[in-house]
Amino acid sequence: MNSIGAGEIIVVGTLDTKGDEIAYVRHLLLDSGARPLVVDVGVLGSPPFAADVTREQIAAEAGRRIDTFSAGQDRGQAMALMEAGLVAWLRARLQVKPPLGILAIGGSAGTAIATAGMRQCPLGLPKLMVSTMASGNTRPYVGNSDICMMYSVADLAGLNRFTRLILSNAVNAILGMTGLRTAKPNQPTSARPLVAATMFGVTTPCVNRVKTLLESHGVDLMIFHATGSGGQAMEQLVRDGYFEGVLDITTTELADELAGGILAAGPERMEIAGRMRLPQVISVGALDMVNFGPPSTVPERCQGRLLYAHNSNITLMRTTADENSQLGRMIAGKASASKGSVTIVLPTGGVSAIDAPGHIFYDPEADRALFDAIRAGVSSNVKVVEMDVHINDPEFAGRIVSEYIAIRGEREDAPNARAVPA
């Protein structure tokens, strides 16, 4: 193996939502003798540590101030700003001090931002994108470049034994591509119980709060990005026995299945946990939206609908009251068929970050159709809890956890989930 010397590897990510993961990647690179240069492209909250290149610097490269978007009033515009800023920053950096390689981690928005920058880099410069979007059509991200995309399987929303494994493999991959030695072996397997959960960018505050609360109960949360492949990956691991329960907070993949979006997870979505008799808490996160690709890919039949550019590669379409009624019946039927304990928790104040007063997808009538159909359709074995709060309000996350702990305690035959190497 070669000694490293002073090799610089650029690490790109949104520190507000991926801070722990980026810190872990940074630690592994430093431990191997590399020099990570962390570039923050986040816009939502405060970063947990100081980046080498701050979000303010990246926004300035695009000629704007990031604090004009920090309140999150238009996340799509903020993402476009960071994408343009990263492209400009990387172009300048490559002229002055080319790195040995670039490693990025992200969900849909983070992937769009990071790969836009990577596409500016010369052929042959190692580029590794660890992404929840890497199982599917990656052409919008890769284009004609030599970007290597690695599917993260789980969402990159906190460190657990599974995400540590994925991230350490990614670090070893970029070190190998740059000709540097590999990182140290992974940490030992954890014996803590593992619960699966679903998340989207627009339900991130809720799921992050759930994660923190569950950890205080001695339970680890493994989060899946609800991108179609994410829901399928979760249910495969549920089938394989890795989890003691499921918090299906973000059921948006059902909307894509119904309305022909690109992030559907198939007709069996939300059925496997019930067949496996696992305790479930279900909610309706991001059922206000159907996902398509760039604006040019939105089907003609949908052109007259309410559309919103989430980022350069994802266009969202607002679900209608009729579609939400169908989705409510679908959820009620799947929950009622479960052989295990099920609680459905409904946030009547809005189901996503952009389904709130003053935001583009706010539509109480459409949401009401969803809630009414669920209430009317569930059988007596399903508990339904309604809260007059928004899905991202802290008290909603608290209720999700308390309901799960309650039904978890009812199970005397809780199985021992399979160990996942760390």
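The values are calculated or read from the model by the stated rules, or taken from the named source; none is laboratory data. Just so it is clear, the structure is predicted and the values come from calculations on it, not from any experiment. Because the Cβ atoms are built from the backbone with ideal geometry, glycine has one as well, and the counts that use them run over all protein chains shown.
Worth pointing out:
- Inside region 362-399, residues that are in contact with a strand residue (DSSP E or B) (Cβ under 9 Å, 6 or more places away or on another chain), within 20 Å of residue 324 (Cβ to Cβ) and part of a loop (DSSP other than H, G, I, E, B) make up a count of 7.
- Only listed residue being more than 18 Å from the chain's Cα centre (by Cα) and assigned to a loop (DSSP other than H, G, I, E, B), chosen from 261, 218: 218
Matching residues to (1) among the charged types (D, E, K, R); (2) surrounded by fewer than 23 Cβ atoms within 10 Å (Cβ to Cβ):
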site: 97; (1), (2): yes, yes
site: 113; (1), (2): no, no
site: 119; (1), (2): yes, yes
site: 123; (1), (2): no, yes
site: 142; (1), (2): no, yes
site: 156; (1), (2): no, no
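- Any hit, region 58-71, residues being buried (at least 24 other Cβ atoms within 10 Å of the Cβ), among the β-branched types (Val, Ile, Thr) and in contact with a strand residue (DSSP E or B) (Cβ under 6 Å, 6 or more places away or on another chain): no
- Look at region 320-338: where a residue is under 7 Å from residue 377 (Cβ atoms) and a partner is surrounded by 16 or more Cβ atoms within 10 Å (Cβ to Cβ), sitting 6+ places away or on another chain with Cβ atoms under 6 Å, you get 328/370; 328/373; 328/374; 329/373; 329/377; 332/374; 332/377; 332/378.
- Taking (1) surrounded by fewer than 20 Cβ atoms within 10 Å (Cβ to Cβ); (2) modelled with pLDDT under 95; (3) farther than 21 Å from residue 392 by Cβ in turn, residue 215 satisfies each apart from (3).
- Test for residue 128: is it surrounded by 21 or more Cβ atoms within 10 Å (Cβ to Cβ), under 24 Å from residue 100 (Cβ atoms) and either touching a Pro at 6+ places or on another chain (Cβ under 6 Å) or modelled with pLDDT under 90 (or both): no
- Helices (runs of 4 or more DSSP H) contained entirely in region 52-124, each with at least 1 residues that are β-branched (Val, Ile, Thr) and touching a residue at least 60 places away in the same chain (Cβ under 8 Å): 108-118
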